[in-house]
Amino acid sequence: MRDKPVALVTGANKGIGLHIARELAAHGLTVLVGSRDLRHGETSAKSLGGNAGAVQLDVTDKASVAAAADRIRKEYGRLDVLVNNAGVSHSGTPGKPLQEIAEAGRMSVVSLDEVRAVFETNVFGVIAVTQAMLPLLREAPAGRIVNVSSTSGSLTWNSDPANPHRKMFGTYSASKTALNAITLAFAADLESTRIKVNAACPGFTATDLNNFQGTRTVEEAAREPVRLALLGQDGPTGTFSDENGPVPW
Ligand SMILES: NC(=O)c1ccc[n+]([C@@H]2O[C@H](COP(=O)([O-])OP(=O)(O)OC[C@H]3O[C@@H](n4cnc5c(N)ncnc54)[C@H](OP(=O)(O)O)[C@@H]3O)[C@@H](O)[C@H]2O)c1
């Protein structure tokens, strides 16, 4: 077993996940770059230096999730931090303008197949990966799970008619609301363990997810997820926050 803590970041071959991985490696953790395309993951892991490796991981593929958990146990012997970062804003290929994504994801017009595809990655994928990694996380001295969520999923904010972004509340945002519920459910279920489970919003960040229309950098976006990944023993569990503090559910 490694003497240094080990972290797995899903969807870490690019975007916010890659920067979370970079920061965790800089903090001295051994970082596993989860990537559905192993070659992309390996290239990204190399860019992080000696403290990183790549793991093939498609969060929607049961066999891939099980194989990743097996490999981590066999090769690394421990897992201390899981960052559920992998996410999609729609089921198509990157390059769609944000307005188009929001339009197509409106609840009155979106197809059930599309809703299922988005929830498959953003919600069910998180449950599958978390359950598969729990045996390792339970053995860790300070297991930490961070779910990368979004303030766009806040029911409190979106039920306020004065919120100008409310029109964008559709398939993607609803998947993040569901992710928040899942976060709370895991936190409550694991309350008697050493594991802390929290949700973080990285803020509106320029990545493929929004056709690079976001206004924050990946460096800024990684701050809150990394803070929660490195929480001390007296840190909270079952919270939802961004860099400015708690976000209403
Ligand atoms: N950007 C923002 O403004 C913003 C705001 C709030 C929350 N977030 C959240 O931040 C997280 C990271 O997003 P990002 O902005 O960095 O977007 P991104 O650059 O598009 O990165 C998304 C990552 O998720 C991976 N992924 C997608 N489906 C997957 C699957 N089935 N299995 C494994 N990995 C999968 C992608 O892998 P491939 O390269 O293989 O596609 C990619 O590595 C997401 O959960 C997103 O919802 C982003």
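The values are calculated or read from the model by the stated rules, or taken from the named source; none is laboratory data. Owing to the predicted nature of the structure, the values given are computational and were not obtained by experimental measurement. Using ideal geometry, Cβ is built from the backbone for each residue, glycine included, and neighbour counts are taken over all protein chains shown. Surface accessibility is based on the protein's heavy atoms, side chains included, excluding ligands, DNA and RNA. Shrake-Rupley method; radii C 1.70, N 1.55, O 1.52, S 1.80 Å.
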Hey, among the residues in the stretch 1-55 that are assigned to a helix (DSSP H, G or I), charged (D, E, K, R) and touching a residue at least 60 places away in the same chain (Cβ under 8 Å), which one's most open to solvent (accessible area, probe 1.4 Å)?
ARG22
For the stretch 97-134, the count of residues that are surrounded by fewer than 18 Cβ atoms within 10 Å (Cβ to Cβ), touching a residue at least 24 places away in the same chain (Cβ under 8 Å) and closer than 30 Å to GLU75 by Cα equals 3
Whichever residue in the stretch 127-154 is over 14 Å from the mean Cα position of the chain (by Cα), small (Gly, Ala, Ser) and assigned to a loop (DSSP other than H, G, I, E, B) and, among such residues, is nearest to the ligand (Cβ to nearest atom):
SER154
Among (1) touching a residue at least 12 places away in the same chain (Cβ under 8 Å); (2) over 17 Å from ALA12 (Cα atoms); (3) near the ligand (Cβ under 9 Å from one of its atoms); (4) in a loop (DSSP other than H, G, I, E, B), there is one condition TYR172 misses while meeting the rest; what is its number?
(4)
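When you check GLU224 against the structure, is it within 17 Å of the chain's Cα centre (by Cα) and surrounded by fewer than 21 Cβ atoms within 10 Å (Cβ to Cβ), yes or no? Steps first, please.
On the way: within 17 Å of the chain's Cα centre (by Cα): yes; surrounded by fewer than 21 Cβ atoms within 10 Å (Cβ to Cβ): no.
No; evaluated as a whole, the condition is false for this residue.
Taking the stretch 175-212 as the search range and keeping residues that are polar (S, T, N, Q) and closer than 25 Å to THR156 by Cα, which one is farthest from the ligand (Cβ to nearest atom)?
Initially, the stretch 175-212 is screened for residues polar (S, T, N, Q), giving 175, 177, 180, 183, 192-193, 198, 205, 207, 210-211.
Subset that is closer than 25 Å to THR156 by Cα: 175, 177, 180, 183, 198, 205, 210.
Values: SER175: 8, THR177: 12, ASN180: 12, THR183: 12, ASN198: 14, THR205: 4, ASN210: 5 Å.
Of everything passing the filter in the stretch 175-212, ASN198 is farthest from the ligand (Cβ to nearest atom).
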With the condition kept exactly as written, say whether any residue in the stretch 69-89 is in a loop (DSSP other than H, G, I, E, B), near the ligand (Cβ under 10 Å from one of its atoms) and open to solvent by 50 Å² or more (accessible area, probe 1.4 Å).
no
Cβ-Cβ under 7 Å, sequence separation 6+ or interchain: first residue in the stretch 80-91 and more than 13 Å from LEU57 (Cα to Cα), partner assigned to a loop (DSSP other than H, G, I, E, B) and more than 7 Å from the ligand (Cβ to nearest atom). Which pairs?
ASP80/PRO5; ASP80/ALA140; ASP80/ALA142; ASP80/GLY143; VAL81/PRO5; VAL81/LEU29; HIS90/LYS96; HIS90/GLY105
Being crowded, with 16+ Cβ neighbours inside 10 Å, touching a residue at least 12 places away in the same chain (Cβ under 8 Å) and within 19 Å of PRO5 (Cβ to Cβ) narrows it down to one residue among LEU184, LEU230, LEU209; which is it?
LEU230
